[in-house]
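Structure first, then comments.
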There are 2 protein chains.
Amino acid sequence: MSVVLSRRDVDFLLFDWLRAADLAQRERYEEHSKETFDAVLDLSETIATERFAPINRLLDTQEPVVGEDGKVVLPAELSAALAVYRDSGMPAGVFDAELGGMQLPFVVSQGAFAFFQAASAAASSYPFLSTGNANLLVEHGSPEQVRDYAVPVIEGRWYGTMCLSEPQAGSSLGDITTRAVRQDDGTYRLFGTKMWISGGDHELTENIVHLVLAKVEGAPPGVKGISLFIVPKYLVEDGVIGERNDVALVGLNHKMGWRGTTNTLLNFGEGLATPGGAPGAVGHRVGEEGQGLAQMFHMMNEARISVGMGAVALGYTGYLHALEYARTRTQGRVPGAKDPSAPMVPLTQHADVRRMLLAQKSYVEGGLGLLLYCSRLIDEQLTGGDEAARTRAHDLLEVLTPIAKSWPSQWCLAANDLAIQVHGGYGYTRDYAVEQFYRDNRLNPIHEGTHGIQSLDLLGRKVIAGGGAGLATLVGAIKETTTRAAAVDGPAAAYAAQLDARVDRLVEVTSQLWAGGDPALALANSAVYLEAAGHVVVAWIWLEQLLAVGDRSDAFFDGKRAATRYFFAFELPKVDPQFDLLASLDRTVLDLDPASL
Amino acid sequence: MSVVLSRRDVDFLLFDWLRAADLAQRERYEEHSKETFDAVLDLSETIATERFAPINRLLDTQEPVVGEDGKVVLPAELSAALAVYRDSGMPAGVFDAELGGMQLPFVVSQGAFAFFQAASAAASSYPFLSTGNANLLVEHGSPEQVRDYAVPVIEGRWYGTMCLSEPQAGSSLGDITTRAVRQDDGTYRLFGTKMWISGGDHELTENIVHLVLAKVEGAPPGVKGISLFIVPKYLVEDGVIGERNDVALVGLNHKMGWRGTTNTLLNFGEGLATPGGAPGAVGHRVGEEGQGLAQMFHMMNEARISVGMGAVALGYTGYLHALEYARTRTQGRVPGAKDPSAPMVPLTQHADVRRMLLAQKSYVEGGLGLLLYCSRLIDEQLTGGDEAARTRAHDLLEVLTPIAKSWPSQWCLAANDLAIQVHGGYGYTRDYAVEQFYRDNRLNPIHEGTHGIQSLDLLGRKVIAGGGAGLATLVGAIKETTTRAAAVDGPAAAYAAQLDARVDRLVEVTSQLWAGGDPALALANSAVYLEAAGHVVVAWIWLEQLLAVGDRSDAFFDGKRAATRYFFAFELPKVDPQFDLLASLDRTVLDLDPASL
């Protein structure tokens, strides 16, 4: 059975570096201890390895289909694995004890859930989406809504979805056209079509809670007119499931990867069902009218961090697969070897294979560090000792979130590409797992805000918000690290100097971009900015890991040293031409006439 | 019907830039003219667009299977398309007229064949492999072997394969173990297993000519012991097909992409057939014993250039698909737009989408230029006016080949990645073509010599061969271009200066790497060297294209200007940190203990 994720690395990052065990001293987590955190990680690792990983290929080959009765057919093995997950109590992870939750720190929960994401992106999506759904309701729903719709999800009995996109409106949510019509009883009836709805229909649970963005009639155009609604697949009365709501499965999307997760086109209010004797999907408004997008964005940081973690998990498990292959597969001889009849050497003896493995290691362990760091910030934002600590965590999180979502989506996908390459021809076949990881991970740069969207968020909003408070906080945090590193013997001081130079450049370039006050010019090369900022941040995360290693030495710690060395030698310098380009306020893309493409 | 490849670009590169029509003045091509070249391109474009492109998705979904009778079942539509190709006479393209060939220049043939590669990588592989097979036989076979085995392939009646790899020996061909046993009648009997054999079995043609590397008993170990054999699927006597040879299909490989091409594991001499009453696959030796790898490598430049062209073609058609989508799909509004009820704008109005399209354009048109340039060198090597011209072409080709194979495999795959991204969620579905291009193109960095192999070939052999003659010739050619460009008004002179600086750096770094005479140290980061050299070369190709545009202006020519500008602003500067790393003789990868991975 393959290792899905390195437990030692998760433990090192969580407990050695981020001191997650200390969180048990805080009031919210006082029922916990290092032992309960370990138990959660043990359980997750076991279930993920024994129940999720073994069915991951099956979920790829036995794609969801719509049966003759119109119901979605999924492999029985998926239901079985998800039942084990449900029975473990893990769906209740981060939720409040009073809702039946385990009240775990977010960082521990994310570290544990990464095992499931690594074992099977497709299987883990059902609980993943449901957690986000319940989270949103707990934050913004009425007590009755929480009781009726969030608690069954927290208990793992129902699943939930997020219905944002429409066929004509993906990134541009202001242009959704799904209508919500007020009824005399305070409910709404929804009419419209939602696209890309993962987990949008299935028989895995007895009900599905759709959270749907729609516009109430008469609402203002654009994002200000968007409201949020609970639209259950089956109506619920006093906790009892009633008649079918008017939500119809129109079709399943057939994707390149991530095939085991149903992804659907749903029609609301098509009239296929007539709840209460009339067509229209019955919906319950969450909070006030017009607050839909704000409510959704309130949870966006957590959702994007979880997507980033999914990208890391796929990259990480691909790396471990490639490493195992490279250690056992023999091929050729090292340069300069003269005896052609000598035995072939393991792939790891070839420098370029080591390069490919070390690159993967630097991406996936750097990414895991980044995502756990951000997860720790979410806990700090919630439970930090004073207002200043919570504000600092909030500000850092704001600026780090687009990076935490995008960087792993790019570089851990690159890791999956290298994992295939290490396998040679075998890696290109479906007999090995790595090609599926590559296909699965290709989704991550698209959903939950594309790279382009993230880059506009970072450069157009986050680094300039509050007069640049977010960026200043980030720079302060990095400088705190480089100051510590500068005092350490060995290469850490040199890395600190290299990082300081790039952080200064990041600040300088940000000013240069915005100096003219022209958003179109400032944002023209925002994707390049996002990439450069991402590499600076991950270099920082590596320096942090190196400091956490200290002077300890064994294969694990030496590996951390090697990956840090790699990242500073091979990766960080890539930002220099990117900053040069940005600083030149290059107009190539801005001025381009689309007709000449 | 979608455009598979830009005919205007092919025409521009072939005739405007490379002056391919002038080749008709040479003796070998004297039966030809610009008109016959045009006719070949017209025919190829038509057949590729009308017969190959429409079945490309079908070939992906209806993968080859082995029927109950043990025969490979392929879609009838594939046979039909290939029959049209055969009847067009195109299989005879570059071959001598005396063999029934059209005696076309290689550069015209490659330009024409690119349409097929763009329309369907899988369908075009059958004739592609067969051409390489017949080429090798024409070069090294006896007149009888050419008559019996090459001519039927040139006529398109049979297909051919290249049987090099074995399950335990992929990149390391010296370690193959297939045995060839001499028979009294001068033939051999072969025993062994060959892996990754594309077109290894099917019913598309009445016979299949396998060209097989094997070791004659008693041969020296390593590559020196390798001989080349013709092993037909059915024995041939006086041009008549006879009994079944002892070549057995063991299994089909199931790949991530490129699914329409059968890829097989073949057993030779398993005893399933007993030709002449005895087990063992009957083989006919080509040339002398021990010359197998040299013979194979003699054709390697052409084969690798064709693989590079395949990568370009997939990237190019993906770009055209993305461009068409981006011009018609509307989404959101440009930064600063205030009216949320204004109509949505086409994707091309978004700067980041333009960046993604322009990047693709720079990769695929740069790649196409590079591959056609190399193809033109093959003609020059064969028909150049004097010995010096032929030697220069040969030297240039030697050093450019690993780049021509690898650079498009990396960057035109990156183009396919961007084509998906431009499509957003739709690009991730199998309803759109771009995800298949991405999966198909992922093979190209692996087969016909991996990136790692190409990088060792470039840095370990090509740039140091003949005391650096190849590199010197390349530098001379680039400097000739930059000298011309420096005299031109406008940005060309600035580009020339930027390129000159990088070319000088390439030469300097090459010396620095080899200064110590330690191959392990020199080659430790060879993949980085390959990437840097590739970007320098493609920048040169772009400067060449810009010079060919001159002062003409329309959407096409302005697009060439924009892509050149993009490549020099966004891409070429990436080589600077790569050269810095190489110049530092970085030992991170060399010193890495595999245990710490």
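What follows draws every value from the coordinates through simple rules; no lab data is involved. Just so we're clear, the structure is a prediction, and the values are computed from it rather than from any experiment. Glycine also receives a Cβ, built like all others from the backbone with ideal geometry; neighbour counts cover every protein chain displayed.
Odds and ends about this structure:
- Paramagnetic reach from B:Leu585 in segment A:348-385 [backbone N under 15 Å; point 7 Å along Cα→Cβ]: none
- Note, ³J(HN,Hα) from phi for segment B:87-104, Karplus 6.51, -1.76, 1.60, rounded to Hz, x at Gly and Pro: 5, 6, x, 4, x, 7, x, 8, 6, 4, 4, 5, 9, x, x, 8, 6, 7
- Residue (of A:Ala388, A:Thr401, A:His423) at the positive-pole extreme of segment A:378-451, dipole from beta-carbon charges: A:His423
- Proximal lysines relative to B:Lys215, as straight alpha-carbon distance under 16 Å, when same-chain residues fewer than 8 apart are discounted: B:Lys194, B:Lys224
- For B:Phe95, residues with placed amide H under 5 Å, excluding near neighbours: B:Met102, B:Gln103, B:Leu104
- For segment B:159-289, share of DSSP beta bridges that run antiparallel, in % to the nearest 5: 80
- A dipole drawn for chain B from +1 and -1 charges on Cβ atoms has a positive end, and of B:Tyr149, B:Val463, B:Tyr159 the residue lying farthest that way is B:Val463.
- Whether segment B:7-154 is rounded, prolate or oblate, judged on the alpha carbon gyration tensor where a/c under 1.5 counts as rounded: oblate
- Karplus 3J(HN,Hα) series, Hz, for segment B:478-495 with 6.51 cos²θ - 1.76 cosθ + 1.60 (x for Gly, Pro): 5, 5, 4, 5, 5, 5, 4, 5, 5, 8, 9, 5, x, x, 4, 5, 5, 4
- Only lysines eight or more places from A:Lys574 in sequence, or on another chain, were considered; those with a Cα closer than 18 Å are A:Lys361, B:Lys574.
- With the label put 7 angstrom out from Cα along the Cα-to-Cβ vector, A:Thr177 ends up 6.6 nm from the copy partners, going from closest to farthest.
- Length-normalised contact order for chain A - Cα pairs under 8 Å, 6+ apart - percent: 12
- GluC sites (Glu not before Pro) restricted to DSSP loop in segment B:205-283 with at most 16 other C-beta within 10 Å: B:Glu206, B:Glu217
- Peptide A:350-361 shows a mean partner chain C-beta count of 6 within 10 Å per residue C-beta.
- A Cβ-based charge dipole, computed about the Cα centre of segment B:300-368 with Lys and Arg at +1 and Asp and Glu at -1, lands at about 220 debye.
- Our note on the geometry: Cα centres of segment B:288-320 and segment A:497-537, 41 Å apart.
- Packing, as the average of other Cβ atoms within 10 Å across residues, places the peptides A:452-461, B:466-475 in the order A:452-461, B:466-475, highest first.
- Of interest is the spacing of the C-alpha centroids, which for segment A:385-402 and segment A:78-94 amounts to 31 Å.
- Rg/Rg_globular for segment B:122-167, with Rg_globular taken as 2.2 N^0.38 Å and Rg from C-alpha atoms: 1.16
- Enclosing the Cα atoms of segment A:450-590 in their convex hull gives a volume equal to 104 cubic angstrom per residue.
- Sorted from greatest to least, the principal axis extents spanned by the alpha carbons of the protein assembly as shown come out as 91, 64, 61 Å.
- Taking packing as the residue-averaged number of other Cβ atoms within 10 angstrom, the listed peptides B:3-15, B:28-40 run from highest to lowest as B:3-15, B:28-40.
- Protection proxy ranking, highest mean first, for peptides A:174-182, B:507-515: A:174-182, B:507-515, where packing is the per-residue count of other beta-carbon atoms within 10 Å, averaged.
- Residues whose amide H comes within less than 5 Å of that of B:Gly242, counting only those at least five positions distant or on another chain, are B:Leu235, B:Val236, B:Glu237 (H built at 1.01 Å from N in the peptide plane).
- Prolate/oblate/rounded label for segment A:150-290 (Cα gyration tensor, a/c 1.5): oblate
- When both segment B:117-152 and segment A:169-226 are represented by their alpha-carbon centers, they are found 59 Å apart.
- Cα shape, segment B:428-508, gyration tensor, a/c 1.5 rule: oblate
- Share antiparallel - DSSP beta bridges, the protein assembly as shown, percent rounded to 5: 85
- When Rg and the Kirkwood radius Rh are both evaluated on Cα atoms of segment A:227-266, their ratio Rg/Rh stands at 1.11.
- In chain A, the inverse of the mean reciprocal separation of distinct Cα atoms equals 25.1 Å; this is its Kirkwood hydrodynamic radius.
- Residue-averaged [θ]222 nm for chain B, counting only DSSP H segments that reach four residues, each worth -39500 (n - 2.57): -16000 deg cm²/dmol
- Per-residue shielding of B:572-581, expressed as the average number of other chain Cβ atoms within 10 Å of the residue Cβ, stands at 3.
- Peptide B:515-524 has a mean shielding of 2, counted as Cβ atoms of other protein chains within 10 Å of each residue's Cβ.
- From phi via Karplus (6.51, -1.76, 1.60), per-residue ³J(HN,Hα) for segment B:122-127 in Hz, x at Gly/Pro: 5, 5, 6, 5, 4, x
- Near the amide H of B:Tyr159, within less than 5 Å, lie the amide hydrogens of B:Asn207, B:Val209, all on another chain or at least 5 residues away, with H placed in the peptide plane.
- With the Kirkwood sum run over all distinct C-alpha pairs, segment B:299-448 has a hydrodynamic radius of 16.7 Å.
- Considering only chain B, percent of DSSP beta bridges that pair antiparallel, nearest 5: 85
- Test item: Cα-centred dipole of the protein assembly as shown, Lys/Arg +1 and Asp/Glu -1 on Cβ, debye: 900
- Nearest-20 debye value, chain B charge dipole, Cβ charges on Lys, Arg, Asp, Glu: 1500
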